[in-house]
């Protein structure tokens, strides 16, 4: 008698679709683009590309609270008005995000064409919430795509980072805050809670970043007994130095029993397979907490993983604010598209 595969085994066996580089996005009248009014240049890239084709489509804009003056909601509205695009808006409160998946599900329930989720300006927690919400709708991931615009430049530069590391070596209490201004709180939303039975051992799976206060807050708040750190490898050779710098800033070498794994910051499938390996290795005996603090595409992997595996807990160190929004990233890099149809087919069997 053959054994029935579990959802994680089916997901591991799936031949995962590849992230495709595209020159432009072309939408049809029944299609809908979910876009966030963030403050990075790339927040407008997918919309601008699609609007340039002059073909009508629907736009659902997610506006952020707390309000940031540099957010590009006015620019998004202007593009939609100038090109006669149908636009609807919804608000996402970073500091009170619980229940947004249900709100989003209602907003997209009437979409009859393709659904494009532009993650370029989304927060990491929002990416996970959106993907899980899409999975839960009647159509699931059918006719759904992830759209993504890379940035041209990702600060801080190597010189500034090495200077901050030097300050840390001289003063261990020195707080390095490159992008965000500290952690507001470690956020847990009910829709991403774990269905697993509580155990005496908890494992935190986190993606170290240049904001070392994120890992510090997670450790202090959650008190995990085990650690797995997934370290990002940038695709560009000129950014390879960031992996070691992030390790140094987060003092990962001082956690001698921590499990450390490296995956591409762009190839989501590497991270998804990595999460499935961790789940197979530790999921039975330990309660798994996943904090999506890595790259945008690594976070897509977390969202797809959580969409199928509901006995893991998503936790997120919500930023208190952003120090210099205009310097978060700059410019627009390559555009990418990822079809989720294969995940839709898998969902029908789980």
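Looking at segment 220-243, which of its residues are free of Cβ contacts under 8 Å to residues at least 24 places away in the same chain and over 20 Å from the mean Cα position of the chain (by Cα)?
First, the residues of segment 220-243 that are free of Cβ contacts under 8 Å to residues at least 24 places away in the same chain: 220, 223, 236-238, 240, 243.
Result: 220, 223, 237, 238, 240.
Across segment 118-143, what is the number of residues that are assigned to a loop (DSSP other than H, G, I, E, B) and in contact with a strand residue (DSSP E or B) (Cβ under 6 Å, 6 or more places away or on another chain)?
The number of residues fulfilling the criteria is 4.
Return the pairs, sorted by first residue and then second, in which the second residue is assigned to a loop (DSSP other than H, G, I, E, B) and crowded, with 18+ Cβ neighbours inside 10 Å, the first residue lies in segment 182-194 and is at pLDDT 90 or above, the beta carbons are less than 9 Å apart, and the residues are 6+ apart or on different chains.
186/315; 187/94; 187/97; 187/315; 188/315; 189/97; 192/312; 192/315
Kindly evaluate residue 306 against the criterion of being surrounded by fewer than 21 Cβ atoms within 10 Å (Cβ to Cβ) and either assigned to a helix (DSSP H, G or I) or not assigned by TED's automatic domain parsing to the domain that holds residue 39 (or both).
In short, no.
State whether one or more residues within segment 13-23 are buried (at least 22 other Cβ atoms within 10 Å of the Cβ) and within 22 Å of the chain's Cα centre (by Cα). Walk me through it before giving the result.
So the first thing to find is which residues in segment 13-23 are buried (at least 22 other Cβ atoms within 10 Å of the Cβ), and the list is none.
No, segment 13-23 contains no residue that is buried (at least 22 other Cβ atoms within 10 Å of the Cβ) and within 22 Å of the chain's Cα centre (by Cα).
Just checking, does segment 89-98 include any residue being in the same structural domain as residue 137 (by TED's automatic domain parsing), buried (at least 16 other Cβ atoms within 10 Å of the Cβ), outside any helix (DSSP H, G or I) and over 19 Å from the mean Cα position of the chain (by Cα)?
Applying the first criterion (in the same structural domain as residue 137 (by TED's automatic domain parsing)) to segment 89-98 yields 89-98.
Pick out the ones that are also buried (at least 16 other Cβ atoms within 10 Å of the Cβ) and you get 92, 94, 97.
Now drop any that are not outside any helix (DSSP H, G or I), which leaves 92, 94, 97.
From what's left, over 19 Å from the mean Cα position of the chain (by Cα): none.
No, the conditions are met nowhere in segment 89-98.
Residues are listed down the side, and each one gets a yes or a no for (1) touching a helix residue (DSSP H, G or I) at 6+ places or on another chain (Cβ under 9 Å); (2) crowded, with 16+ Cβ neighbours inside 10 Å:
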{"site": "221", "(1), (2)": "no, no"}
{"site": "229", "(1), (2)": "yes, yes"}
{"site": "236", "(1), (2)": "no, no"}
{"site": "261", "(1), (2)": "yes, no"}
{"site": "275", "(1), (2)": "yes, yes"}
{"site": "285", "(1), (2)": "no, no"}
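Being exposed (fewer than 15 other Cβ atoms within 10 Å of the Cβ), in contact with a strand residue (DSSP E or B) (Cβ under 7 Å, 6 or more places away or on another chain) and modelled with pLDDT under 95, is that true of even one residue in segment 327-337?
yes
When you scan segment 1-44, how many residues do you find that are part of a helix (DSSP H, G or I) and in contact with a helix residue (DSSP H, G or I) (Cβ under 7 Å, 6 or more places away or on another chain)?
Residues of segment 1-44 part of a helix (DSSP H, G or I): 7-13, 41-44.
Now restrict to residues that are in contact with a helix residue (DSSP H, G or I) (Cβ under 7 Å, 6 or more places away or on another chain): 7-8, 10-12, 44.
Here the count works out to 6.
Just the residues that are assigned to a loop (DSSP other than H, G, I, E, B) and under 26 Å from residue 106 (Cβ atoms), please, taken from segment 69-82.
The initial filter retains those residues of segment 69-82 that are assigned to a loop (DSSP other than H, G, I, E, B), namely 69-72.
Listed by number, the residues that qualify are 71, 72.
The values are calculated or read from the model by the stated rules, or taken from the named source; none is laboratory data. The shown structure was predicted, so the numbers you read here are calculated from the model rather than taken from an experiment. So basically every Cβ, Gly included, is an ideal-geometry build from the backbone, and we count neighbours across all protein chains shown.
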